[in-house]
Amino acid sequence: MDPHNPQPARASFEAARAAPSGQAVERLATLLTGHANAEEAVLYPGIADESSKTHAGMAYEEHAMTKIQLTKLKDMPPGSDEWHEKLDHIESAVAQHIYQEEGSWMPDLAKEMLPERKAKLLERYNTKYERYCGDGKDAGTDLR
């Protein structure tokens, strides 16, 4: 199971960096928050039950900190040095989070999972994402 297609997030970070604005930050925050909410509702309970409560706890905490940092970014003047530093910090934290999930957390969860279960989780994930973000075109989910 690989619930990350990092392209939508990368594109949103690049768009915000190229044209700093409140609207760019809102798009980034919506994408990341929708992704986080879907993971928290659908995938992390399985990680806690079937793999590692420690990893699930860390993942929830990383999501919470990213949401806090995004709120701080929204309050900064777009394009300022402080704004760019905060954006870089958030992007680095998201990259590290994805690395941890792809490296062990999700593979551990998926290792014994039947294809039918994976398909059901993908459907539930996309439903949760769409509830927050809309059509789900940038859900960044690829359950294999």
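Residues checked against (1) touching a Phe, Trp or Tyr at 6+ places or on another chain (Cβ under 6 Å); (2) assigned to a loop (DSSP other than H, G, I, E, B); (3) of a type in the set (F, W, Y); (4) open to solvent by less than 50 Å² (accessible area, probe 1.4 Å):
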{"residue": "G79", "(1), (2), (3), (4)": "no, yes, no, yes"}
{"residue": "W83", "(1), (2), (3), (4)": "no, no, yes, yes"}
{"residue": "A93", "(1), (2), (3), (4)": "no, no, no, yes"}
{"residue": "S104", "(1), (2), (3), (4)": "no, no, no, yes"}
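Those residues that are over 19 Å from K67 (Cβ atoms) and without any contact (Cβ under 8 Å) to a residue 60 or more places away in the chain, I need them from region 12-44; list them, please. Break it down stepwise before answering.
Let us first name the residues in region 12-44 that are over 19 Å from K67 (Cβ atoms), namely 14-15, 17-21.
Within region 12-44, E14, A15, A18, A19, S21 qualify.
Take H35 and tell me if it is assigned to a helix (DSSP H, G or I) and within 26 Å of R124 (Cα to Cα). Explain how you work it out, then say what you get.
Values: assigned to a helix (DSSP H, G or I): yes; within 26 Å of R124 (Cα to Cα): yes.
Judged against the criteria, H35 is a match.
Answer yes or no: is there a residue in region 38-55 that is farther than 24 Å from L114 by Cα and either charged (D, E, K, R) or in contact with an Asp or Glu (Cβ under 7 Å, 6 or more places away or on another chain) (or both).
No, because not a single residue in region 38-55 is farther than 24 Å from L114 by Cα and either charged (D, E, K, R) or in contact with an Asp or Glu (Cβ under 7 Å, 6 or more places away or on another chain) (or both).
Which condition number in (1) among the acidic types (D, E); (2) open to solvent by 50 Å² or more (accessible area, probe 1.4 Å); (3) at pLDDT 90 or above is the one that D49 fails?
All conditions are met except number (3).
Every residue, every condition in (1) modelled with pLDDT of 85 or more; (2) under 29 Å from S21 (Cβ atoms), yes or no:
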site	(1), (2)
H55	yes, no
Y60	yes, no
K67	yes, yes
P77	yes, yes
E82	yes, yes
A93	yes, yes
P107	yes, no
R144	no, no
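How many residues are part of a helix (DSSP H, G or I) and touching a Leu at 6+ places or on another chain (Cβ under 8 Å) when one looks only at region 44-66?
Filtering region 44-66 down to residues part of a helix (DSSP H, G or I) leaves 44-50, 53-66.
Imposing the further condition that a residue be touching a Leu at 6+ places or on another chain (Cβ under 8 Å) reduces the set to 46-47, 50, 66.
Qualifying residue count, region 44-66: 4.
Of the numbered conditions (1) more than 15 Å from S12 (Cβ to Cβ); (2) outside any loop (DSSP other than H, G, I, E, B); (3) open to solvent by less than 30 Å² (accessible area, probe 1.4 Å), T71 fails exactly one; give the number of that condition.
(3)
If we keep just the residues of region 106-125 that are among the acidic types (D, E) and within 19 Å of the chain's Cα centre (by Cα), which is least open to solvent (accessible area, probe 1.4 Å)?
Within region 106-125, the first condition is being among the acidic types (D, E), and the residues that meet it are 108, 112, 116, 123.
Imposing the further condition that a residue be within 19 Å of the chain's Cα centre (by Cα) reduces the set to 108, 123.
On the way: D108: 59, E123: 126 Å².
Across region 106-125, the extreme among qualifying residues is D108.
Go through region 14-63 residue by residue and tally those that are over 18 Å from the mean Cα position of the chain (by Cα) and under 29 Å from E85 (Cβ atoms).
Residues flagged as over 18 Å from the mean Cα position of the chain (by Cα) and under 29 Å from E85 (Cβ atoms) within region 14-63 amount to 7.
Pull up region 1-32, narrow it to residues that are within 18 Å of T127 (Cα to Cα) and either crowded, with 20+ Cβ neighbours inside 10 Å or in contact with a helix residue (DSSP H, G or I) (Cβ under 9 Å, 6 or more places away or on another chain) (or both), then point me to the one that is modelled with the lowest pLDDT.
At the first step, the residues of region 1-32 found to be within 18 Å of T127 (Cα to Cα) are 1-5, 8, 30-32.
Filter once more, keeping what is either crowded, with 20+ Cβ neighbours inside 10 Å or in contact with a helix residue (DSSP H, G or I) (Cβ under 9 Å, 6 or more places away or on another chain) (or both): 1-4, 8, 30-32.
Working: M1: 34, D2: 38, P3: 53, H4: 58, P8: 83, T30: 92, L31: 92, L32: 94.
By that ranking, first place goes to M1.
The values are calculated or read from the model by the stated rules, or taken from the named source; none is laboratory data. Just so it is clear, the model here is predicted, and its values are computed rather than measured. Neighbour counts run over all protein chains shown; Cβ positions are idealised from the backbone, glycine included. All accessible areas refer to the heavy atoms of the entire protein, side chains included, with ligands and DNA or RNA removed. Shrake-Rupley method; radii C 1.70, N 1.55, O 1.52, S 1.80 Å.
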